[in-house]
Amino acid sequence: MSSFGFGLMTAAVLAIATVGFTMQFAVTNVLNLAYGSIMINSAFVAYYANAHGVTAWASLPFGVATGAAASWALNRFVFTPFQRRNPAPITVVIVALGVDLIGTFGLQAIVGGSYVSYHQSQGHEYHIVGMFLSGLQLIILAICAVVLVTIHWLLRYTRLGKAMRATSANPNLARNSGVKTQFIISTTWLISGALCGLAGVVFAMNTGVFEATSAQLYIVLLLAAMFLGGPGEPYGAMFGALVIGLSTEISAAYVNPQYKEVIAFVALLGMLTFRPYGIFGSEKTL
Amino acid sequence: MSAELSTQGLVLTATGLSAGYDRRAIVSAIDVQASPGKVVSIVGPNGSGKSTLLKSLVGVVRVLDGHVTVGDVDTTNMASEEIAKIGIGYVPQVEDVFPPLSVKENLEIGGYLLARREIPDRIEAVLEFFPRLKGMMTRKAGKLSGGERKMLAMGRVLMLSPSVLVLDEPTANLAPMVATQLLEEYIRGFADHGSTVLLVEQRAKAALRISDWTYVLGGGRIVLSGAPRDLEQNPAFVESFLGGGAAPPPSSD
């Protein structure tokens, strides 16, 4: 049952990250492999705020703002200029990979290779249906729930969310209907970036200690969760994150924990081979 | 037609227009005009550039030379969203709705430029015009039949009460009876209530029946134009587009 608790926490953090990742992919058609590096950079900005006397929770907005600003800038100054030249999809993927490496190892060059942690209490420990969860973990679960409900509300009930879904489904038709798709795309990068920054900080809080390359393999979990649920499907991303989070942690109880990411690799390969649109998706849509 | 959907049309004019992709002109030296209260149709064989011409009028394809005006406004190479704001409603031949969005959400996106409080009334007005959509508001657009989908596509553009309707083969893939109803009842109806209608149509006979003026496109250029009654007396036109048989008399509209 303790593995289930770990799995639930991994799933919660992964769900925040994957929803942002898949939403941005659906609207902008860019597979942003630099997501993991923006997560860890955001975690470090929050860490420095925390190290300068801001409480860990109060430093969370710094991480969120960093993720949003970095993602917006990445789109504005890197991806948009590339996309204007109508590149092959693989070109954009390679650019994203390059940005990821620059982001991760550039950060490492600045902060060094030491592990750090937030000055933060884990809070009381609670025994809930056989799981031991700390107060911190319960707050992270609550944040995840609020984020997922908010994203659902945004996409289903707001003018912006409907315009995002329309832009995702057919950008030309959206423009013909009067939707300023460039504004919608920029806003999507901001929102997905904010989720990326939030995921980075709660990821760092959840793992306890972290360093510049801690999120380097996280992109595999993200891709596995996204392809499992269906690329561009936020509800699929929630489902994918739950399955990948639980399966990787529960498997760690039976096999060497060092191999737990292999489960995500296998899920990713399996989905890409047999059902590339994922369980929920039939086409790339929001 | 519901009073709320009636719009006073604007004159749409293309002068010396060339347009295409990657600086390669698909259509050249095009002069067309569509006026309020009239249905103007463009017919021609496959690959003659009909869809490219329409797309260049609504900002989807780049105009390489010439001008497009709507009323007094020069809309040449204006962004699609700005052209929508001026009052041009465009229904493409394919991908004319947002499949993952519900019927209601499609209509809401159609009314994206309206104030939030205006949208429910506009949806009501559109539903009055296309009552068949009433019972399927929560259904995803991707699950509609061809005819329902086309009604939704037209309902979507009607949300903004467009002054000019630009329709690219609205009857493509529709059953003959549905196609006839769409052309004769709805599309002719828009023009009769003052809108300007510019229509590309493969079914030349059906297009002529509802048109006030027809352009014939061939090899990216206008090769013939005239009132349907006159075109039906032209042997070359009859041979090429009406199957060589006797044409039905044009509509008295």
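Our Cα-only numbers for the protein assembly as shown put the radius of gyration and Dmax at 27.9, 91 Å.
The stretch B:122-230 has equivalent-ellipsoid semi-axes of 27, 15, 12 Å, by the square roots of 5 times the alpha carbon gyration tensor eigenvalues, sorted largest first. Within the listed set A:Ala46, A:Ala267, A:Ala145, the Gaussian network model of chain A (springs between alpha-carbon atoms below 10 Å) gives the highest mean-square fluctuation for A:Ala145. Among A:Phe21, A:Phe79, A:Phe227, a tally of other beta-carbon atoms within 10 Å of each Cβ gives an order, fewest to most, of A:Phe79, A:Phe227, A:Phe21. Taken about its Cα centre, chain A carries a charge dipole of about 1080 debye when Lys and Arg each add +1 at the Cβ and Asp and Glu each add -1 at the Cβ.
If you wrap the tightest convex hull around every Cα atom of the stretch B:3-241 and split its volume per residue, you get 115 Å³. Close amide H contacts of B:Gly66 (hydrogens built in the peptide plane, cut-off under 5 Å, sequence separation of 5 or more or a different chain): B:Ser18. Neighbour counting of Cβ atoms within 10 Å sorts the residues A:Thr18, B:Thr171, fewest neighbours leading, into B:Thr171, A:Thr18.
The value obtained for the stretch B:169-231, namely the Cα convex hull volume divided by the number of residues, is 86 Å³ per residue. Measuring gaps between exposed loop sites in chain A (trypsin sites (Lys or Arg not before Pro); DSSP loop; at most 12 other Cβ atoms within 10 Å), the longest gap, sites not included, is A:86-286.
Residues A:Tyr235, A:Tyr259, arranged from fewest to most other Cβ atoms within 10 angstrom of their Cβ, appear as A:Tyr259, A:Tyr235. Basic side chains Lys and Arg get +1 at the Cβ, acidic Asp and Glu get -1 at the Cβ, and with that the dipole of the protein assembly as shown about its Cα centre reaches some 280 debye.
Against chain A, whose longest principal axis is taken from its Cα atoms, helix A:260-274 shows a tilt of about 30°. Each Cα pair under 8 Å and six or more residues apart adds its separation to the average, and for chain B the resulting relative contact order is 29 percent. With K and R counted +1 and D and E -1, the other residues having a Cβ less than 11 Å from that of B:Glu169 yield a net charge of 0. Among the GluC sites (Glu not before Pro) in the stretch A:175-270, none is located in a DSSP loop while being surrounded by at most 10 other Cβ atoms within 10 Å of its own Cβ. In whole Å, what three semi-axes, largest first, describe the equivalent ellipsoid of the stretch A:2-213 built from its Cα gyration tensor (square root of 5 times each eigenvalue)? Three semi-axes, in Å: 31, 22, 14. Here the mean projected area of the convex hull built on the C-alpha positions of the stretch A:129-280 is 11.0 nm².
Using alpha carbon centroids, what distance separates the stretch A:41-56 and the stretch A:147-180, in Å? Centre-to-centre distance over Cα atoms comes out at 33 Å. For chain B, the residue among B:Leu231, B:Phe98, B:Met151 whose Cα projects farthest onto the positive side of the dipole built from Cβ charges is B:Phe98.
Put a plus charge on the Cβ of each Lys and Arg, a minus charge on the Cβ of each Asp and Glu, and nothing anywhere else: the dipole of chain B about its Cα centre is then about 640 debye.
3J(HN,Hα) along the stretch A:86-97, derived from phi through the Karplus expression 6.51 cos²θ - 1.76 cosθ + 1.60 where θ = phi - 60°, amounts to 6, x, 5, x, 5, 4, 5, 5, 5, 4, 4, 5 Hz, with x in place of Gly and Pro.
With the charge dipole of the stretch A:2-213 set up from +1 on Lys and Arg Cβ and -1 on Asp and Glu Cβ about the Cα centre, the Cα lying farthest toward the positive end among the listed residues A:Val93, A:Cys196, A:Pro81 is that of A:Pro81.
When chain B is treated as a GNM, springs tying every alpha-carbon pair under 10 Å, which of B:Ser56, B:Ser35, B:Ser102 comes out with the largest mean-square fluctuation? Highest fluctuation among the options: B:Ser102. The H on the amide N of B:Gly218, modeled in the peptide plane, is under 5 Å from the matching H of B:Val223, each at least 5 residues off or on a different chain. In the protein assembly as shown, with Lys and Arg counted as +1 and Asp and Glu as -1 at Cβ, which of these residues, A:Gly36, B:Tyr112, B:Ser48, has the Cα nearest the positive end of the dipole, that is, farthest along it? My answer, from the dipole projection, is A:Gly36.
Where a number appears in this text, it was derived from the coordinates with a stated rule and is not lab data. Fair warning: this is a prediction, and the values are worked out from it, not measured in the lab. Heads up, the Cβs are rebuilt from the backbone with ideal geometry, glycines too, and the neighbour counts pull from every protein chain shown.
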